[in-house]
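Nothing in this text is a laboratory measurement; each read-out follows from the coordinates by a stated rule. Every value quoted in this text rests on a predicted model; they were computed, and no experiment measured them. Neighbour counts are summed over all protein chains in view; Cβ atoms, including those assigned to glycine, are modelled from backbone coordinates with ideal geometry.
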Amino acid sequence: MPAGLVRNLVTGGAGFLGSHLVDRLMQSGEEVLCLDNYFTGRKANIAHWIGHPRFELIRHDVTEPIKLEVDRIWHLACPASPIHYQTNPVKTAKTSFLGTYNMLGLARRVGARLLLASTSEVYGDPEIHPQPESYRGCVNTIGPRACYDEGKRIAETLCFDYRRMHGSEIRIARIFNTYGPRMLADDGRVVSNFIVQALRGEPLTLYGDGSQSRSFCYVDDLIEGLIRLMNADHTGPINLGNPSEFTIRQLAEQVRARINPELALISEPLPADDPRQRKPAIALAQRDLAWTPTVALEQGLEPTISWFRELLA
Ligand code: NAD
Ligand code: UDP
């Protein structure tokens, strides 16, 4: 690492997770180049840093190469919500493959360390529970989620091949469902959907019977995990997520109880290939990053609901 300020490139920096990461890096006194094509990101998420001498904003699509001088690349650019990544699945696959390829090329050229925001979706609809990093997954290669799931799997592969061929310094985080302020109101993900529906006085939409499970991590915990992984002597892949598991019906009941207990829960068709269950095994992150999530769902829902309340007002 050269002397002086650390120069960070955050791809997808105007998105939900990216903008929280930008906040943390700026607050630590580092330099940040925030790169985004604004597909699902918003300038409003990082507007408070525009004009700061350590901050720069670049409108760019990661499927195209770019030359920059940086020390660390946090590669988050990729739509994360099923409705967004399925809007143009070919573009999603290109973003994962070409985007990661371009960022690995940049990292190699300038000797930067690259962290890939991978996903629990590499485990697909898992047959083992909870999911450890050693599990190789059960992904339908031809289903509607494949553009994202397989995209992230090849992105992980590229990282390891760059490491083997060129000695690139890589870090792979497998992120499990994360929520918090700055998710989009029309994002389609379950936490934002339920909160927005409840605040609008609409019924909460359970896909299927709501018995499928997920484990929800508050954004601050997740960002802490990413930073620890980037700084650690550990390539990963490493799971980052909150192991407290809830059915989707339990989540709906929690959100409804906080906003309006009178609201109905209605059933809608279960999307194809929707994973039945998901829960991270986090022993590796606990041991090697000394990381464990600290924010319980009931605590994290509070600031998230407040944020959406203000947004919708
Ligand atoms: P998000 O959609 O809010 O952020 C993605 C950002 O990437 C957006 O700002 C978007 O405009 C940008 N982007 C998309 N395609 C791009 C392209 N071709 N070029 C440049 N920018 C592009 O999603 P998020 O929840 O913040 O997710 C960030 C990363 O974390 C993604 O890679 C996602 O796969 C991963 N992840 C997130 C979760 C989660 O629960 N939030 C879970 C697993 C993995
Ligand atoms: N889901 C739901 N109602 C909604 C949105 C999502 O029941 O309004 C379900 C969805 O079918 C899935 C779970 O909630 O089983 C999590 O969905 P999300 O899109 O948030 O994340 P992912 O499926 O990628 O984990």
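Table for the structure above
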| read-out | value |
| --- | --- |
| In segment 161-190, residue farthest from ligand 2 (Cβ to nearest atom) [restricted to those that are in contact (Cβ under 8 Å) with a residue 12 or more places away in the chain and farther than 30 Å from Phe308 by Cα] | His166 |
| Segments classed as strands (runs of 3 or more DSSP E), wholly inside segment 222-307, with at least 1 members that are without any contact (Cβ under 8 Å) to a residue 40 or more places away in the chain | 245-247 |
| Test: residue in segment 127-146 that is buried (at least 16 other Cβ atoms within 10 Å of the Cβ), in contact with a strand residue (DSSP E or B) (Cβ under 7 Å, 6 or more places away or on another chain) and part of a helix (DSSP H, G or I) | no |
| Val191 being surrounded by 17 or more Cβ atoms within 10 Å (Cβ to Cβ), within 22 Å of the chain's Cα centre (by Cα) and either away from ligand 1 (no atom under 14 Å from the Cβ) or assigned to a loop (DSSP other than H, G, I, E, B) (or both) | no |
| Selection within segment 4-30 - over 17 Å from Ile223 (Cα atoms) and crowded, with 17+ Cβ neighbours inside 10 Å | Arg7 |
| Count - residues of segment 60-83 that are more than 6 Å from ligand 1 (Cβ to nearest atom) and either more than 13 Å from the chain's Cα centre (by Cα) or farther than 18 Å from Ile175 by Cβ (or both) | 12 |
| Residue check for Arg54: surrounded by 16 or more Cβ atoms within 10 Å (Cβ to Cβ), touching a residue at least 40 places away in the same chain (Cβ under 8 Å), away from ligand 1 (no atom under 15 Å from the Cβ) and more than 13 Å from Arg182 (Cβ to Cβ) | no |
| Flag for Thr119 being hydroxyl-bearing (Ser, Thr, Tyr), surrounded by fewer than 21 Cβ atoms within 10 Å (Cβ to Cβ) and either in contact with a Cys (Cβ under 7 Å, 6 or more places away or on another chain) or on the phi < 0 side of the Ramachandran plot (or both) | no |
| Of residues in segment 147-188 being among the acidic types (Asp, Glu), assigned to a loop (DSSP other than H, G, I, E, B) and more than 16 Å from the chain's Cα centre (by Cα), the one surrounded by the most Cβ atoms within 10 Å (Cβ to Cβ) | Glu169 |
| Residue list for segment 98-126, filter: touching a residue at least 60 places away in the same chain (Cβ under 8 Å) and part of a loop (DSSP other than H, G, I, E, B) | Ala112, Asp125, Pro126 |
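So that you can scan it fast, the table gives a plain yes or no per residue for (1) under 24 Å from Thr178 (Cβ atoms); (2) among the polar types (S, T, N, Q); (3) within 13 Å of ligand 1 (Cβ to nearest atom):
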{"residue": "Lys91", "(1), (2), (3)": "yes, no, yes"}
{"residue": "Ser96", "(1), (2), (3)": "yes, yes, yes"}
{"residue": "Thr100", "(1), (2), (3)": "yes, yes, yes"}
{"residue": "Gly105", "(1), (2), (3)": "no, no, no"}
{"residue": "Ala112", "(1), (2), (3)": "no, no, no"}
{"residue": "Leu116", "(1), (2), (3)": "yes, no, yes"}
{"residue": "Pro126", "(1), (2), (3)": "yes, no, no"}
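Conditions tested, residue by residue: (1) touching an Asp or Glu at 6+ places or on another chain (Cβ under 9 Å); (2) of a type in the set (A, V, I, L, M, F, W, C); (3) over 23 Å from Glu133 (Cβ atoms).
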| position | (1), (2), (3) |
| --- | --- |
| Ser215 | yes, no, no |
| Val219 | no, yes, no |
| Asp233 | yes, no, no |
| Leu240 | yes, yes, no |
| Glu245 | no, no, no |
| Arg249 | yes, no, yes |
| Ala257 | no, yes, yes |
| Asn260 | no, no, yes |
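Condition check ((1) within 16 Å of ligand 2 (Cβ to nearest atom); (2) out of contact with any His (no Cβ under 8 Å at 6 or more places or on another chain)) across all residues:
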site	(1), (2)
Phe16	yes, yes
Thr40	yes, no
Ile46	no, yes
Leu57	no, yes
Lys91	no, yes
Leu104	no, yes
Leu115	no, no
